[in-house]
Structure formats: structure tokens, C-alpha cells
Number of protein chains: 4
Amino acid sequence: MIQSIIRELPEKVRPYLELGKVADYIPALSVIAPDKFGIAVTTVDGKTCYSGDSREKFSVQSIVKVFSLVFAIRCVGDRIWEHVGRKLTTKAFNAITPIEEAEGIPRNPFTNGGAMVIVDMLLSHDRNFTQNLLTFIHKLTGNSFIAYDFSVAESEKLTGHRNAAIAQFLKSYHILKNDVDDVLTAYFCLCSLSMSCEDLSRALLFLANRGLDPLTESQIISSQQCRRVNAILMMFGTYEASGDFVFRIGLPGKSGVGGGISVIVPRKYSITVWSPPLDEFGTSVAGLKALEFLTEQTDLSIL
Amino acid sequence: MIQSIIRELPEKVRPYLELGKVADYIPALSVIAPDKFGIAVTTVDGKTCYSGDSREKFSVQSIVKVFSLVFAIRCVGDRIWEHVGRKLTTKAFNAITPIEEAEGIPRNPFTNGGAMVIVDMLLSHDRNFTQNLLTFIHKLTGNSFIAYDFSVAESEKLTGHRNAAIAQFLKSYHILKNDVDDVLTAYFCLCSLSMSCEDLSRALLFLANRGLDPLTESQIISSQQCRRVNAILMMFGTYEASGDFVFRIGLPGKSGVGGGISVIVPRKYSITVWSPPLDEFGTSVAGLKALEFLTEQTDLSIL
Amino acid sequence: MIQSIIRELPEKVRPYLELGKVADYIPALSVIAPDKFGIAVTTVDGKTCYSGDSREKFSVQSIVKVFSLVFAIRCVGDRIWEHVGRKLTTKAFNAITPIEEAEGIPRNPFTNGGAMVIVDMLLSHDRNFTQNLLTFIHKLTGNSFIAYDFSVAESEKLTGHRNAAIAQFLKSYHILKNDVDDVLTAYFCLCSLSMSCEDLSRALLFLANRGLDPLTESQIISSQQCRRVNAILMMFGTYEASGDFVFRIGLPGKSGVGGGISVIVPRKYSITVWSPPLDEFGTSVAGLKALEFLTEQTDLSIL
Amino acid sequence: MIQSIIRELPEKVRPYLELGKVADYIPALSVIAPDKFGIAVTTVDGKTCYSGDSREKFSVQSIVKVFSLVFAIRCVGDRIWEHVGRKLTTKAFNAITPIEEAEGIPRNPFTNGGAMVIVDMLLSHDRNFTQNLLTFIHKLTGNSFIAYDFSVAESEKLTGHRNAAIAQFLKSYHILKNDVDDVLTAYFCLCSLSMSCEDLSRALLFLANRGLDPLTESQIISSQQCRRVNAILMMFGTYEASGDFVFRIGLPGKSGVGGGISVIVPRKYSITVWSPPLDEFGTSVAGLKALEFLTEQTDLSIL
């Protein structure tokens, strides 16, 4: 049944494509066609189903924070919580006020500041981690053509004064151990990762299966770590809009300003939807609507 | 297996009883013995299991906000969202700053201000709603001895200047339609509700079963409404500590300063744990620890 | 020369009368004719000059905070600083957020919360202080017809939920020693004080003369205390707009939502101007403009 | 009489030298001997009087913001108010939260962000303005040995991540027109200006004389502009501590984290005091105490 719902989604969400606005603060992203829509679902027993532009690569942006968090948990374990909180936020992903209020500690790993702290830890662990993280993603997806898009990274570096402000601010509190410029370069590199809905839904399947990739039988993270990563997706995945996201969708998920949203249905599915026009919180309007249709018509909510 | 874990919990949490502090801002609550601990689990197929002081009544305090929210959904439906948000909070349950920032709109139904808005709506719907809400709880539990504790309500009314400030503040924004004093009287009355772990775990069972009480086969709220109430418990149930609560427990839950915590395991259980000493966020220290033991040793997390 | 400038002011400020809005949150104030304008200047050698509606009584509202502060300094001295700060504010006079941020301590004596703390101290000192403060003002002005306007006080009490919230909030921090209702009754009584421009300019003359009333030769407060009261007027007298007020006028002054502004020209004059329509900060638009004309054409600024 | 008071000050403030802490966030400043104290007074009729280390040069730091403000008023006039406010602040000079709250507009010209906006305007007006500002100061003082201390500027540039964050943040709001690095280089250059108490007190004498330097008879800024600059000193000169500063001193003044405080006594004196140990607001402890002694024993307050 889910297949027929998925197949109808591109048609059903069409009216919503006009309600959002493609991110324009990163010049390289602002040129994306606003009428794109794709969705891909991968089941824990290895089936896939998709429709629309599900094979077109897009800039994953903040969705990469899920990979860097998982990679950091594998590399440095619970030490990641020394310099980043597990606190809700009521401000935007790129807000700097909450960092000042907490004297340098980003509220959680999915704010931009929190993700930079994770990047900094990974840099301290391995100067070449961006390449190794890419290899990790190649293994997760079986697709070794996935790559960073350096034109996007460059574009963001030139105009990313707000992220530069956040990195300098963290450095002023001695939270970052590495050079500000190195952290920013790695951060923008990660955000430029280019993947399709099918890639993302495949890559994150282990989060729907207690940390074990069901197809390769590789234990990516432990069952407890997996529960915790999903908790972080649920509580912080769409920043200050997480309350409303869970109210509407009932699932852990992570949005990116490239228009992607990846959600996890524990024990069942990994889903990624993509449509570039965003709402005021940086979440894809049609993507969110598609997830709402899907959860209303099926029994996917875990609540 | 869960039975044997439950049975061992009173012993296992004993060391944690000393780490919290019994609420002292309501005089009538400050006299509770700090070494109490009880837990009760009710399954959707009607079995129960409990240990410790699971039959002793305690002041449910903010846990009543779950009942008043459900009652309001039944009475006034989606109109409840006109005057209360679904937004995360980074401040304490009795903070007034977030209300001023949002020009009178409480962030969510579980902050004190949000609960007062719900009370106000219920008062407008039915002047006598506190009595009818009690009858509703009698039906949910099959226990008609459950009652408000007027000595607690009186005690809180005399010293509840902070809640009085919140009510006056909401009134200044014309958010409350009824008399401030009437709203406060009803609010303090609700909070004084006295129930045991077994009562609470029984009463909230419908939230583990898509809104249908499995034992009476009465549909309390719709399946979609049930998902949404659970979403609200998950995101806002322990206020600014919700991020960490879900990280540790992985379940929707609601705390009260009387020391109770009620959690829902969708499709499986309704659980209530009670122990009076609280952490800085107003959550029972030993109660939270017990839930952590329970979820670590079983597979209760939904994530 | 100042006389001719003063005489021309009613004509010059006429175009500005339309730019403000008469306070409407106190019903009894909202009925005032919006085209009123008066000004009175009293010199330290006893001359007076005035024009417009300078003899018409109006509700002094927050200007009374100058009298209650001076009265408190006389009654309890430096102890007033134990429960009220000398801190700038960036929020409105009736904001509650700054009180929560400072855990109950109002930022300065001219915020509503700060003025309530002063009222509370005066109540503790003398249950009957409102009457004695009135007698004090009778002596300062030589006009024993000055009185509180109980219809205004009643009107504000009925609708003053925001001030009630502030008082309850201060009480929750144990900052107020007296009953909340007593403090509010006294506070609203004070704010209802009805005086004319001539009354106010005469009454505050001692602040232009190092604390000594030059006409009665009575030392109201010491020279040092006088400097400090003027400092408080300069820094906090128009709340968050004080920075711009001093930029434009260069003098210590206090506004009230009744439309009055009293300013002190140390060693020279006491000036009160009145016009009901207010700007967004609760300052009389035409009154502020009149003071700007006056200070531009004379050499009254002390800077 | 003032001469004898001045002469006794180094002895009188000695006990206060230990109560502060020399700024340590700029490495080059942290090595200053903490027992330095100097004061210099210049009268509008050209007399000077001084004691202690009044001829020793120190890093003026934020006091330079007075010169850059005056220079900007001369160069670009009232346009400076397009991108910087005249609002009080309740946060530290290097806080970033108030900038986010105002969507990029610094609260006033004396916060670090506000001073950077002034620097940016000056850079747009004249790429070489730092050199020309120095020439301006040479003329004001008649001392052409005054110079920037490039070792201090370098030291601050290497460690000034917080100021870099502020500049990047302003740039993200398009408030800065020039390259972030150019603005920071010029800003740190200005702050490194090295002057003695005698230099500073001489240089700012025009502010005590309606904008006219009484010794060279050069009109530096107009009388109205002078009143406004003094208003800015009075309201914002010691940041969030300005309320208490004016309460204690009753004069417009500007502090710097190098330990200097310059105050203006309109129509009479320009005073600079210097002592490196600072209080929590970045104001010289002994310097503030010295000014308090001075104003208590003389009649210098303008209030």
C-alpha cells in the first residue's frame, strides 16, 4: 500500500511547491529549480520504493550532521558530550545568542555551532576525516560516486559570514581546539555533500534497525547509541520547529536547507524526501507535507 | 521478564533517593517522606505489575496537565491551539519570560501558562469542569475514590504568587477569558489531584493504545489525537529537560513536582513511577533513574 | 528670552500633537482631549513662566515615582538599594522579563517593579504613607488642593493585570514584604495623583537647587542625594528611551503616561511640560518636541 | 583646591588597587604593572594639574572610540546613525546577543560592534583614515609622538576571536561594507593607541568647551554635536555600568580596558585617570574610586 501512496505524492504535493522559498543565502543553492520533488523509502528487509526526482543529487546541507554525529560517536564516543549539550533550542539553527547564554556551549549537535564542535573533534582525531567520512558513506550506500560539491563549499565559504561568526565565537570560548579556518573549511565541505533521496534513505537505514545495517549486517553503532541518535533527531532535528514536526509527523527526522528531510521509522523504514522550497524554519514545505500525507495514511508514527 | 526488573527497582534506586530535593515551594508537599518509591505498569492487554509504594496516593501536580489537555481536546477540539503554542521551551515550567517574548501566548500546553490557558478554555466550556474532569478520571480508572486534595490546593493558592503572576500576565494580554481568580482556583484544584502509581498507569492506558481504552473499549480520543498528545508528552513533558529525557528514556512522558512521572510505551504499556525528591528541572531523580534502568534492560524505547 | 520661547511653544508644537497616541490601557486616561499642551518653568530664584494649559491638572502617573523615591530616601535612606538596582533597562517600563533575569530585583526605581518595591518599603515604614506623601507635596507646592484621583486609581486597579502580574512576581521572590493587594492599591493611588504643569515644576524645584527648596529654604534631601536623584532621572527617567532622550535634550527628566515630562536644569530651572499623545515609549510626543525646541534655542543642556 | 585633592589621590586610592584585575584577554596588556595610577586635569582656560603616573603612556583601548566617533561626525555627519543605534545596553561591551536581537544594528557607538560600524564608515570614507585620525590627535594634543602600538594590535588580532565573531556577524547582516579583515585590522590598530593621562585630558578638552578647543581656538565639532557626544559618553560610556557610573560620578565619561577613564566636566575640565586593575564591567577600580573622591570633595557633578 505504501507504494501506491508514494507514487501519488509528487502529484499531491504540487500545490505546496509554491508556498516555500529556495534558500538564497548560499549563492550556489539559489539556482536550484524550485519544482523538484523526490522521495525514497528503504525497508529494513531491503526493499525500496521511490517516486519523483528520487535519483537526482542535491546538497544535503544539515542532513550531513547526522553522518558526522554518527562518525564522531564511532571515533570518540561519549566524549562528544563534553563540549556540546543535549538541550532544546528556541532559536534558529544559525542563532548565536544561545551560545553566548551558555558561555560557549552549543545547545545540541544539530545547531550550526554544535555541528562545528563535532567537526572540531573529528579534526583533532583525524586531520583527513572529511575524506574518511566520505568513504564511510560510500560503504553505507554502496555508491562510491557520492562526493562533496566543492563549488557549493566555495560559494558558502565566501558568503558564510554568519557561520564564520559562530566559529570565531566558539573559538573565543576555547571550545574549538583547531584553527577556525580549518574547522570552517571542513564544515562547509561536509555541508556540500551531494546525495540523492535514494542514497540518503539507503545510507541511514541502520538507524531504523538498532544500529545494524540490515543489508551488509555491519553494526555501525550499538543499539543504545542508535536509540540516542534517533532521540537527537527527534528532539533537535528541525531545530526550534521540532515540537511542531513531531506533532505532525511523529517520527525522528533531520532537515537540510538544500530541501532534504530524512526520517527514520524504527524497525521499519528509512525515508528521504526532497523539495527545495523552504519554510521559515529551513524545512522543505512540500517535503514536510509529503511526510504528513504519508504518516496520516499509513501507521508510521511511533507515538 | 519485566516483572522481575520491576520488582528489583525499589532496591536499585535506593542510592538515588538522596540525590534530589523534595519540592518545598508548596508547603503541603514539603512534608512528604523523601524515601518513597513506587512503580506501576499496565499493559494494553490488561495485565498490571507494580512494586514499592505503588498504591500510595501522591499529589500528581503537573501530570494532571495530561488529563486537562485530553479533556480539552474532547471538549473544544483543535481550537485549543488558538491560544497556546506547540513550541519547545528552554526555560522552567514556571518561567514568565517566554510568555512576554511571545506577547502572551504560552509556548506549549505543559508550561504553567499553557495549562492555565487550557483551564480557561475548559471553564468557558463548563463552569463546573473540575468536577466533570474528576468523573472522567473515575471512569478511566474505575476508582471513584480519586479526589482533589483541597488542603494542597489551599496551600498552593496561599503561596502561589508566581502562578498568580502568570495568570495576571496572561489576562493582561486578554488571553484568559475568565476571571483570574477563577482560573487560579481551578488550576490549583487540578494540580492537587491525588492518585497512586497504579491509578495513573491505569488511567493513561488509552494513550498506549491509539486513544482507545483497551479494557473498557471506550475511544477516549481519536487515533490521530492520541499520536499528537504523545508527541506533546515527548517534546514538552519534562519542559526544558525534554531533550535529555528522551535521550535517556526514549519515550513520551510527563513529570510532576509531586515526584510522579508517567510514560507511555505506544502499543505496549502505560507506566507511572513515583519518588518525591526532584532534580533541578522538577523531575523525580529516582523515578528517572528507574525508568532508565527499565528501558536499558528491556526494549521499551520506541527509537 | 526664555519667556518668549515658552510663549511660542504651544503654536510650534501643534503639528506634533497628531503624531502620538493617548494612553488607552487605563480607561480613565483614554478620554483626555488629545490637543492639550502646557508648559511651566520655575527658576531657582523664584520666577515662573508658563503657557498653554499649564494650570490644568492631569494624571502624573510615573512622574510620581520621583516623589516616592525622594520620600523613600528621606524615610529609609540608602537601604532602598537593597531591593532595587541602578541598572539600565532595554525593555519597557512594564516589562517582566528583566525582573525574572535578575531573580526578582527590579532594574531601577523607575520601572514599574522598582516603583512597587519603593512603595512596599514606604508601606512597611508607615501604613499611611500615601496620605503623608500628599501632605509632603502640599508643602512643596504650597497648594493643598492637590489630590489623588480615586476614579483613575479604581480604573487602573480593575484593568491593571500587568501591574498585578509584576507585584505577584516580586512577591514570589519575597521582594515585597507587604500584602500584594496593599502594594497595588498604594501604587495605583500614587499614580493617580493629579497635578498641573505649574504644580509639578514648583514641586520639583529643589532638585534644581542641590536638594534645598530655594523659596522655603527647606532642605528636602542632601546635596549628594539630590545629585543622585538627578542621575537616576537622567539614566532611567524615560526607560529604554533614556539614551535618545539625553541625546536630544541633554537634561535629567521623567515622563509619565499621562503625558507629563518633568525636567531639571541643575542650578537653574525646574520645567514641566504636558501633552497627552504618547510615542511608543510612553513619552509625550509634543512634550518631547517642546523640550527639544527649548534646549536648542537656549543653553539649557548641561552637557 | 582641586590641586591638593589631585595630589593626594595616588595615596588615597592605593588600597583599591588590589580590588581589580588587569585585563588578561589581550596578552600584551596582561603584563602591565598593576600598581600604576595617574591622573591629569586640564581646565578650559588652559591650566593643568596632575599626579602619579600621569605621563606614562598606556593602551587607551575603548577610549579611542571617542576619537573615532568625533572623527566620523566630522567626516560623515549624521549618517553615522543609519547603522548604529542610540540605545542603552544591559550586556557587556563585547556581547553579541544584542546585535542578533536588533538584526545586525549595534545598540550604540561604544559597544565593540558599534565602534566597528564607525570604523567601517571611516574606511569607506578614507582607506587611510587610521593615519589621518592619528594626525588629528597629534593636532589636538600638540604631541606628535603619540602612536599606535603595533605589538598590542598584533597581540589582539591573534587572540581577538570574539571581536572577529562580532565583525563576521555584522558582515552577515550586510552592515559592514568593507572586508571583515580590513575592519578588524583598523579596529585593533585604533584600540592599540598609546597615550598618557596628560595626552588624553588635553586631547578631549574641546568636549568640555562646546566643541571648541580653547587653546588653539579650533572648532572641532559644533556646539550641538559636542552636547550629543557628551550625551553618548554619559549614557553609554561605561556600557551596562553607565547607570551606576553616573549615580556615583555625575559626569559623562568613557572607560577602556587598558585602565583609563576620561571624563568631561562641561564648561570646566577634561580629566583622565589611569590604573590598570579592572572591575567586572571593564572599568578601572582605582580610577573610578579616584573620580568618586574628586567629585565628592569638589562640586564637579553637573547634576
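Take each residue of peptide C:245-255, count the partner chain Cβ atoms within 10 Å of its Cβ, and average: the result is 4. Counting only protein chain heavy atoms and rolling a 1.4 Å probe, the accessible areas of D:Cys197, D:Cys75 rank, largest first, as D:Cys75, D:Cys197. Helical content alone sets the calculated 222 nm signal of chain A at -13500 deg cm²/dmol, taking -39,500 (n - 2.57) per DSSP H segment of four or more residues and averaging over every residue. Placing +1 on each Lys and Arg Cβ and -1 on each Asp and Glu Cβ, with no other charges, gives the range B:168-303 a dipole about its Cα centre of roughly 440 debye. Each residue was assigned an accessible area with a 1.4 Å probe, and for C:Thr135 the value is about 60 Å². Nonpolar atom fraction for the range B:53-158, defined as the carbon and sulfur part of the 1.4 Å probe accessible area, stands at 49 percent.
Of all chain B residues, the one whose Cβ lies closest to the rotation axis that maps B onto D, given with that distance rounded to whole Å, is B:Glu101, 5. For chain A, find the longest principal axis of its Cα atoms and tell me its angle to the long axis of helix A:64-76, 0 to 90°, nearest 10. So the inclination is approximately 60 degrees. Binning the alpha carbon pair distances of the range D:105-229 at 10 angstrom intervals from zero yields the distribution 12, 36, 36, 14, 1, expressed in whole percent. Pairing chain A with chain D buries about 1300 Å² of accessible area. This figure sums both sides and uses a 1.4 Å probe. Shape call for the range B:167-265 from the C-alpha gyration tensor, a ≥ b ≥ c root eigenvalues: rounded (a/c under 1.5), prolate (a/b greater than b/c) or oblate? Taking the square roots of the gyration eigenvalues as a ≥ b ≥ c, the range B:167-265 is prolate. Look at the dipole of the range D:145-226 built from charges on Cβ: of D:Leu176, D:Thr216, D:Ser194, the Cα furthest out on the positive end belongs to D:Leu176. Counting heavy atoms of the protein chains alone, C:His83 has an accessible area of about 50 Å² for a 1.4 Å probe. Pull out a ≥ b ≥ c, the square roots of the eigenvalues of the alpha-carbon gyration tensor of the range D:196-237, then state rounded if a/c is under 1.5, prolate if not and a/b is larger than b/c, and oblate in the remaining case. The shape class here is oblate.
Sorted shortest first, the separations between the C:Ser144 label point and its copies elsewhere in the assembly read 7.2, 7.5, 10.4 nm; each point sits 7 Å from Cα along the Cα-to-Cβ line. Take A:Met1: with every protein chain present and a 1.4 Å probe, its accessible area is about 150 Å². Do the alpha carbons of any pairs in D:Lys139/D:Lys171; A:Lys268/B:Lys12; A:Lys65/B:Lys289; C:Lys87/C:Lys289; D:Lys65/D:Lys268 sit beyond 24 Å of each other, and which pairs? D:Lys139/D:Lys171; A:Lys268/B:Lys12; A:Lys65/B:Lys289; C:Lys87/C:Lys289, as the Cα separations exceed 24 Å there.
Thinking of chain A as a set of Cα atoms, what percent of all their pairs are more than 36 Å apart? Of all Cα-Cα pairs in chain A, 9 percent lie more than 36 Å apart.
The order of C:Asp45, B:Asp181, A:Asp126 by accessible area, most exposed first and with a 1.4 Å probe, is C:Asp45, B:Asp181, A:Asp126. Farthest toward the positive end of the dipole of the range D:1-94, out of D:His83, D:Thr42, D:Ile6, is the Cα of D:His83, where the dipole comes from beta carbon charges about the Cα centre. Taking Cα centre as origin and charging only the Cβ of basic (Lys, Arg, +1) and acidic (Asp, Glu, -1) residues, the dipole magnitude of the range D:9-95 rounds to 260 debye. A simple charge model with +1 on the Cβ of Lys and Arg, -1 on the Cβ of Asp and Glu and nothing else charged puts the dipole of the protein assembly as shown at about 0 debye relative to its Cα centre. Inter-chain Cβ neighbour count for C:235-243, averaged per residue, equals 4 (cutoff 10 Å, partner chain atoms only).
Accessible surface computed residue by residue for the range A:27-139, with neighbouring protein chains in place and a 1.4 Å probe, gives 37 Å² per residue.
Shape class for the range B:30-128, computed from the alpha carbon gyration tensor (a ≥ b ≥ c): prolate, with a/c not under 1.5 and a/b above b/c. Quick one: net charge around B:Leu288, please, counting Lys, Arg +1 and Asp, Glu -1 for every other residue with C-beta under 10 Å from its C-beta. Local charge sum for B:Leu288: -1.
For the segment B:222-230, counting C-beta atoms of other chains within 10 Å of every residue's C-beta and taking the mean gives 4.
Just how far, in whole angstrom, is the range A:178-237 from the range C:64-108 if you go by their alpha carbon centroids? One Cα centre to the other: 52 Å. A point 7 Å from Cα along Cα→Cβ stands in for D:Asp126, and the other copies hold the same point at 5.5, 6.1, 7.8 nm, listed in rising order. Take A:Ser30, push a point 7 Å out from Cα through the beta-carbon direction, and compare it with the same point in every other copy: 4.3, 4.6, 6.0 nm, smallest first.
The values are calculated or read from the model by the stated rules, or taken from the named source; none is laboratory data. Remember, it's a predicted structure, so these values are computed and weren't measured experimentally. Neighbour counts are summed over all protein chains in view; Cβ atoms, including those assigned to glycine, are modelled from backbone coordinates with ideal geometry. With ligands, DNA and RNA removed, areas are computed over all heavy atoms of the protein, side chains included. Shrake-Rupley method; radii C 1.70, N 1.55, O 1.52, S 1.80 Å.
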